[in-house]
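Student: Pasting in a structure now, in structure tokens, and then I'll have a few things to ask.
The values are calculated or read from the model by the stated rules, or taken from the named source; none is laboratory data. In this text the structure is predicted, and so the values were computed from the model without any measurement. All Cβ positions, glycine included, derive from the backbone under ideal geometry; neighbour counts span all protein chains shown.
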Amino acid sequence: MKIAVLPGDGIGTEIVAEAVKVLQALDLSFEMETALVGGAAYEAHGHPLPEATLQLAQQADAVLFGAVGDWKYDKLDRPLRPEQAILGLRKHLGLFANFRPAICYPELVGASTLKPEVISGLDILIIRELTGDIYFGQPRGRRTAIDGHFPGADEAFDTMRYSKPEIERIAHVAFQAARKRHKKVTSVDKANVLETFQFWKDVVTEVHAQYPDVELEHMYVDNAAMQLVRAPKKFDVVVTGNMFGDILSDEASMLTGSIGMLPSASLNAKNQGLYEPSHGSAPDIAGQGVANPLATILSAAMMLRFSLNQPEAADRIETAVKAVLAQGLRTPDIHSEGTTRVGTAEMGAAVVKALR
Ligand code: NAI
Ligand code: MG
């Protein structure tokens, strides 16, 4: 088994170092190889996703990814910006299904801004489609408007599109995931306004016929955004397109107390995957040793379960994370009165120590 380790930029290097320590402490036989990605790769090789990094990722069974980006690259041409590395990896590895579980650990109920009764016991899974939607649809660009409200004015445009096979495969992923959980899928769309999402709704409904044991509900995205903070526990599996999924999963992260707690997995049809925290490179706290490494450590657990076929090792990590929270250890993002404030490395070391 081979893991490509791509720490990236900002807090990426700090949090991935802790996840690597936890993986090493498991005493399993896998090979880990590290490469540059994002701004770090741009500095060294002039490209955010150098050929050698891409090849390493393609040959590996799984990629453990930190985060990329920094404000200082905002002026670069778009293809050279650090964030393009993640889009390139998704594209070249064929990653189409993004899993973002949002779990509220009992110890962190107080760290959320929501009322305890709204979030305690929360365990939902957001599945975001990654290859389609307005992020990649062509044509896109800037031009002079020939119609619309202001003919002759400068304008920009993007294209929202989904093909039937793209919707079918993500719907299958969602129904299969729901079968292992509470057997309910909420498909989030904007079918009342968008042709693309009326089609989405029709195709998901068609696929649902193969899963009569799973309940399917359709919800408009604006309502879903509201329900996520009003009554999030009513959801089990949420499946949606690329853009709505991007936004709703960040929203859901706040239910768990901090974005520093939220892992993610992006899978292709062969169960190869890229595992990363849901947050970015956090330039505002980078280099201070205070970033929460738990989202990355929990992403490593997802990697063991989904791509490396080591479910027991995944359980061991998740149990150790619960144990350190029960011990009262908290990085600043989840700190509250009466708990012990620790830094990134101390938190990682505590997880290693709590492994059984
Ligand atoms: P961000 O997620 O990096 O940070 C948002 C806020 O959350 C900041 O206040 C940050 O300090 C805090 N935060 C994030 N992770 C944390 C952790 N583990 N522990 C404690 N606090 C944490 O999002 P932002 O600031 O919008 O973006 C920063 C850079 O990251 C940008 O260049 C952006 O493009 C990039 N980015 C990269 C992603 C990736 O690599 N997959 C995903 C999202 C953003
Ligand atoms: Mg996002």
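Student: For segment 1-39, which residues satisfy the criterion of being among the small types (Gly, Ala, Ser) and crowded, with 24+ Cβ neighbours inside 10 Å?
Tutor: ALA4, GLY8, GLY10, GLY12, ALA19, GLY38, GLY39
Student: Still on this structure, I have one more. Considering only residues that are in a strand (DSSP E or B) and within 13 Å of the chain's Cα centre (by Cα), look in segment 230-272 and name the one that is farthest from ligand 2 (Cβ to nearest atom).
Tutor: LEU267
Student: While we're here: Taking the residues in segment 273-289 that are away from ligand 2 (no atom under 15 Å from the Cβ) and of a type outside the set (Gly, Ala, Ser) as candidates, determine which candidate is farthest from GLY38 (Cα to Cα).
Tutor: GLN288
Student: Continuing with the same structure: Which of the residues that make up segment 283-323 are within 11 Å of ligand 1 (Cβ to nearest atom), more than 19 Å from ALA102 (Cβ to Cβ) and crowded, with 24+ Cβ neighbours inside 10 Å?
Tutor: Scanning segment 283-323 gives a single hit, ALA291.
Student: Further question: List every residue pair whose Cβ atoms sit under 6 Å apart, with the two residues 6 or more apart in sequence or on different chains, where the first one lies in segment 97-110 and is among the β-branched types (Val, Ile, Thr) and the second, anywhere, is not in a strand (DSSP E or B).
Tutor: Cβ pairs passing all conditions: VAL109/PRO116; VAL109/SER120.
Student: Something else now. Assuming HIS279 fulfils every condition listed in (1) assigned to a loop (DSSP other than H, G, I, E, B); (2) over 23 Å from CYS104 (Cα atoms) apart from one, which condition is it?
Tutor: (2)
Student: To continue, here is another question. Scan segment 304-324 and tell me whether some residue there is within 16 Å of ligand 2 (Cβ to nearest atom), modelled with pLDDT of 95 or more, among the aliphatic types (A, V, I, L, M) and assigned to a helix (DSSP H, G or I).
Tutor: Looking for residues that are within 16 Å of ligand 2 (Cβ to nearest atom), modelled with pLDDT of 95 or more, among the aliphatic types (A, V, I, L, M) and assigned to a helix (DSSP H, G or I), one finds none in segment 304-324, hence no.
Student: Could you list, in sequence order, all residues of segment 6-60 that are over 24 Å from LYS72 (Cβ atoms) and in a strand (DSSP E or B)?
Tutor: Matches in segment 6-60: GLU31, MET32, GLU33.
Student: Between residues in segment 216-231 that are closer than 17 Å to ASP123 by Cβ and residues that are among the aromatic types (Phe, Trp, Tyr), which pairs lie under 8 Å by C-beta distance while being six or more apart or on different chains?
Tutor: GLN227/PHE235; LEU228/PHE235
Student: Output the number of residues of segment 290-317 satisfying the condition of being free of Cβ contacts under 8 Å to residues at least 24 places away in the same chain and over 17 Å from the mean Cα position of the chain (by Cα).
Tutor: Here the count works out to 5.
Student: Another one. Any idea how many residues of segment 1-32 are among the aromatic types (Phe, Trp, Tyr) and at pLDDT 95 or above?
Tutor: 0
Student: Still on this structure: From SER264, SER249, which residue is within 16 Å of ligand 1 (Cβ to nearest atom), over 25 Å from ALA40 (Cβ atoms), touching a Lys or Arg at 6+ places or on another chain (Cβ under 6 Å) and not charged (D, E, K, R)?
Tutor: Only one candidate passes the filter, namely SER249.
Student: Assess whether ASN223 counts as being modelled with pLDDT under 95 and either in a helix (DSSP H, G or I) or more than 10 Å from ligand 1 (Cβ to nearest atom) (or both).
Tutor: No: the conditions fail for ASN223.
Student: In the set ALA111, ALA35, ALA85, which member is at pLDDT 95 or above, away from ligand 2 (no atom under 16 Å from the Cβ) and either more than 21 Å from the chain's Cα centre (by Cα) or among the aliphatic types (A, V, I, L, M) (or both)?
Tutor: ALA35
Student: In addition: If THR256 satisfies all but one of (1) of a type in the set (Ser, Thr, Tyr); (2) at pLDDT below 95; (3) more than 16 Å from ligand 1 (Cβ to nearest atom), what's the number of the condition it fails?
Tutor: Among (1) of a type in the set (Ser, Thr, Tyr); (2) at pLDDT below 95; (3) more than 16 Å from ligand 1 (Cβ to nearest atom), THR256 violates only (3).
Student: Next up: Being touching a Ser or Thr at 6+ places or on another chain (Cβ under 8 Å) and under 23 Å from GLU251 (Cβ atoms) is the filter; apply it to segment 272-282 and report the residue that is nearest to ligand 1 (Cβ to nearest atom).
Tutor: HIS279
Student: Let me ask something else. Within segment 1-52, restricting attention to residues that are within 16 Å of ligand 1 (Cβ to nearest atom) and acidic (Asp, Glu), which residue is farthest from ALA345 (Cα to Cα)?
Tutor: Checking each candidate, the answer is GLU43.
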